[in-house]
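The values are calculated or read from the model by the stated rules, or taken from the named source; none is laboratory data. Just so it is clear, the model here is predicted, and its values are computed rather than measured. All Cβ positions, even for glycine, are placed from backbone atoms using ideal geometry, and neighbour counts span all protein chains on display. Note: areas computed on protein heavy atoms with side chains; ligands, DNA, RNA excluded. Shrake-Rupley method; radii C 1.70, N 1.55, O 1.52, S 1.80 Å.
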Protein chains: 2
Amino acid sequence: MIIVKIGGGSTINIPGVIEDLAGIDERYVIVHGANALRDKLAEDLGQPKQVLTSVKGYTSVYSDEKLLNVMMMAYAGLRNKRIVELCQQQGINAVGLSGLDGKMVQGQRNKGIRVYQGKKLKIVRDFSGKPKTVNAPLLQLLLDNGYVPVLTVPIIDELNAAINTENDDVVRVLQQALKADTVINLIEAPGFLEDRNDAGSLIAKISAGELEAREQQVEGRMKRKILALRKLFEHGASRIVIGDGRREHPVIDALAGKGTVIE
Amino acid sequence: MIIVKIGGGSTINIPGVIEDLAGIDERYVIVHGANALRDKLAEDLGQPKQVLTSVKGYTSVYSDEKLLNVMMMAYAGLRNKRIVELCQQQGINAVGLSGLDGKMVQGQRNKGIRVYQGKKLKIVRDFSGKPKTVNAPLLQLLLDNGYVPVLTVPIIDELNAAINTENDDVVRVLQQALKADTVINLIEAPGFLEDRNDAGSLIAKISAGELEAREQQVEGRMKRKILALRKLFEHGASRIVIGDGRREHPVIDALAGKGTVIE
């Protein structure tokens, strides 16, 4: 079982990803982002996103009801359905689902994010949270009947409200539920870079044990991403490939070990 | 089996519809529109819709790639996911799907719509078409496992491209596949009106045989809607209720025969 995460950047070669997947024999589930699309849509609608930075240094998007609406449009609507369409054109019988559908991804809403406003400590509560479980029976039902699930945010919280979450965290609970051995994470870079401004500084291999040290070296969104990767290994993943989603054959190349292999 | 069609007008009481459905014992499938939402979104994005009127007098929205994007956002994204969320909050384990997902609704793309441009006859081809079949096995799989399908456009054409279609036509192919005996059609009016400008002119009952004559009396979008209703009876529906979606209890009232009952 493979989990393929397609990043939400604007330069990811999605048709190439789907074409590659059409040639794969193993079972897989797709999880995708749409952050570039969401940001553009929010801008076009005159409601640019606000980013919160927690006191611990993790960043997240301030997810009020309006932003959730935009996310439903960008992630669960446009991006999800165009990916499903591409899948169908390649002979993959995809079914696109948000975490709300059949309670596919259930989470717990954040009680509040501790942020500094100027020098004041403030607790901000929005519609965001952490995924806790997935509806594994529904996933298996679809997989057993020849359908490929294409999952995205939002997810559903303990009171059945739509909440935003990080797709990296969705991948984590999905990996636990499906016992996926391989996770392919397609991003807009050659893989993990020693120096983020130097595309030539690719780290070809990282041991799972090294991840904690790496987490300390980075900031913001990347910090959160490495934390999510670390947790994958705690729950039985054996191989993660951070691959370049912009290549002609993003999935074939990632499976061949191009990018950063963590194992 | 009941098919509940929720119209896409802005004043439909969707929470009331879902609350009513939570109390129903019979199996049902939801089909919903989102035309008011789509039009507003298209306006907000600076790409207002264009309407085509065929030489036969039927009107339809000109569905280019951009409009399909907007539809994916409005119908399959925002409206679909907020309905699924409301369902989950009422204990209905809903799964929202477009016609693309698992090829739920397959159709045939229009070869072209014959329109007059000034006095010139022109054939315009867009991403629109007619639904032909539904994926009944996937619907049954979901229903048998306790899920309520919540369906909307776009659908998928014979070359696996996303196309726009009328939700009334989706209801028609769905009714054929599911052998639904009852179709509830919730709109922004008390039912069929003798005079569309007089809310007091409700027609409480119409026989199925009368529909053809009615079709001749009306124009534009309503003409197309009555045609779709007529076809429902050709394929075994026994009762259609056109109910007021703006009421406190749209579904309970429709099932009690309030609105226009066609049988």
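Let me know the shape class of the stretch B:191-263, please: from the alpha-carbon gyration tensor, a ≥ b ≥ c as square roots of the eigenvalues, rounded when a/c is under 1.5, otherwise prolate if a/b is greater than b/c, or oblate.
oblate
Taking 8 Å as the Cα distance limit and 6 or more residues as the minimum spacing, I'd like the relative contact order of chain B as a percentage.
24
Sorted from shortest, what are the nm distances separating the label point of B:Ser54 from equivalent points in the other copies, each placed 7 Å from Cα along Cα to C-beta?
5.6
I need the phi-derived Karplus couplings for the stretch A:192-208: 6.51 cos²θ - 1.76 cosθ + 1.60, θ = phi - 60°, integer Hz, Gly and Pro marked x.
For the stretch A:192-208, the Karplus-derived couplings read 6, 10, 5, 10, 4, 9, 10, 4, x, 9, 4, 9, 6, 9, 9, 7, 4 Hz, x marking Gly and Pro.
Are any of the pairs A:Lys5/A:Lys103; B:Lys49/B:Lys231; B:Lys103/B:Lys130; B:Lys49/B:Lys132; A:Lys179/A:Lys231; B:Lys56/B:Lys258 more than 22 Å apart by Cα-Cα distance, and if so, which?
Distance filter (> 22 Å) returns B:Lys49/B:Lys231; B:Lys49/B:Lys132; B:Lys56/B:Lys258.
Determine the per residue accessible area of the protein assembly as shown with all protein chains present and a 1.4 angstrom probe, expressed in square angstrom.
That works out to 42 Å² for each residue.
B:Leu45: accessible area at probe 1.4 Å, nearest 10 Å²?
Surface accessible to solvent at B:Leu45 totals approximately 40 Å².
Just the accessible area for B:Thr11, please: 1.4 Å probe, Å², rounded to the nearest 10?
For B:Thr11, the solvent-accessible surface is approximately 80 Å².
Select the chain B residue whose beta carbon lies nearest to the rotation axis carrying chain B onto chain A, and write the distance in whole Å.
B:Gly77, 1
If I model a spin label as a point 7 Å beyond the Cα along the Cα-Cβ vector, how far apart are those points for A:Gln47 and B:Gln217 in nm?
4.3
I need the inter-copy label distances for A:Glu248: point set 7 Å along Cα to C-beta, values in nm with one decimal, smallest first.
Spelled out, the distances from A:Glu248's label point are 6.7 nm.
How far, in nm to one decimal, is B:Gln89 from itself in the other copies if the label point is set 7 angstrom along Cα toward Cβ? Shortest first, please.
Here the equivalent label points are 3.7 nm apart from this one.
What number in nm² do you get for chain A if you take the convex hull of its Cα atoms and divide its surface by four?
Mean shadow area of the hull around the Cα atoms is 13.7 nm².
Which order do A:Lys111, B:Lys5 take by accessible area at a 1.4 Å probe, largest first?
A:Lys111, B:Lys5
For the stretch B:69-111, just say rounded, prolate or oblate: build the C-alpha gyration tensor, square-root its eigenvalues into a ≥ b ≥ c, call rounded for a/c under 1.5, and beyond that prolate if a/b exceeds b/c, oblate if not.
oblate
Determine the percent antiparallel among the DSSP beta bridges restricted to chain B, to the nearest 5.
DSSP beta bridges in chain B are roughly 45 percent antiparallel.
Quick one: of the DSSP bridges fully inside the stretch A:131-257, what percent are antiparallel, nearest 5?
Antiparallel bridges: around 35 percent, rounded to the nearest 5.
Working with all protein chains in place, sort A:Asp195, B:Asp101, B:Asp25 by solvent-accessible area computed with a 1.4 Å probe, largest first.
Listed by decreasing accessible area, they come as B:Asp25, A:Asp195, B:Asp101.
State, in angstrom, two size descriptors of the stretch B:121-263 derived from its alpha carbons: Rg to one decimal place and Dmax to the nearest whole number.
In Å, with Rg to one decimal and Dmax whole: 16.4, 51.
Taking a probe of 1.4 angstrom, what is the accessible area of B:Glu65 in Å², to the nearest 10?
120
With θ set to phi - 60° and the Karplus curve 6.51 cos²θ - 1.76 cosθ + 1.60, what are the ³J(HN,Hα) couplings of the stretch A:53-62 in order, to the nearest whole Hz, using x for Gly and Pro?
10, 6, 4, 7, x, 8, 9, 8, 7, 6
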